[in-house]
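Here, each number is a calculation from the coordinates, and none is a lab measurement. The structure presented is a predicted model; accordingly, all values stated were derived computationally and were not measured. Cβ atoms come from the backbone with ideal geometry, glycine included; neighbour counts cover every protein chain shown.
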Amino acid sequence: MQQTTGQNEDIWRWKNNTAKGYSVKEVRKELAGIIDVNAAPSSLEWSKIATAKVNLFIWRASEEKIPTLVALSHRGGQRGPTDCKVCGLAPETANHIIVHCPFAKEVWLHLWSWMIIPIRNHDEDMKTRFQEMSDWPRNKVKIIFAIHLLAGWHLWKNRNNKVFNNSLTNPGKLAEEIKEEAFDWIKLRSRHTGITWLEWRNFTFWNDPP
Ligand SMILES: [Zn+2]
């Protein structure tokens, strides 16, 4: 596995890429050499609804192993301020970008209200945010988890957009983009291929497990 630190959305490249790209199976096989994806209690779950790219990104982020300004400065590759480029209020760590940044907090508020799940402690860390599922409706846990992964990914892309293009959207618009992309995921990779946009928008759908 190799890491690149550019602005590309595809952060991960796989040594065993085939002409067609990589399959989830291959990624899991390769990951299994690094972590025990099934047994390690501190690891995040693998979401079958989310793409491999997003699963991997979130796992790395939860370990602070993505190229944030703080991570780069620890490696000696970054000089100068390491403050978050989105809010300017705190050092830019993965936990900050995805959970603690005021911008992220607003995005989460939009998403929690849409998913009709309780508001969380804004100070919790990323692992707790993604692993503590006891307040989520049982028949929607996998969907809600996938939405969390996608939100983390979009917050990182938003950060990259600010850092590299000096452009920033607003939290409400980002939340809408997350809803739209998650809708595609549900239609492609869950059992709910027939779900309508209206059902998805209202988050009032299905009673059986996904
Ligand atoms: Zn910030």
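Taking 22 Å as R0, compute the FRET efficiency from the Cβ-Cβ separation of LYS53 and LYS187 and round it to 0.05.
Details: r = 18 Å, r/R0 = 0.83.
So the FRET efficiency works out to roughly 0.75.
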Hey, how many Å between the Cα centroid of the range 63-106 and the Cα centroid of the range 117-135?
20
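May I ask you to derive the FRET efficiency for ASN202 and ASP135 from their Cβ-Cβ distance with R0 = 25 Å, giving the value to the nearest 0.05?
0.80
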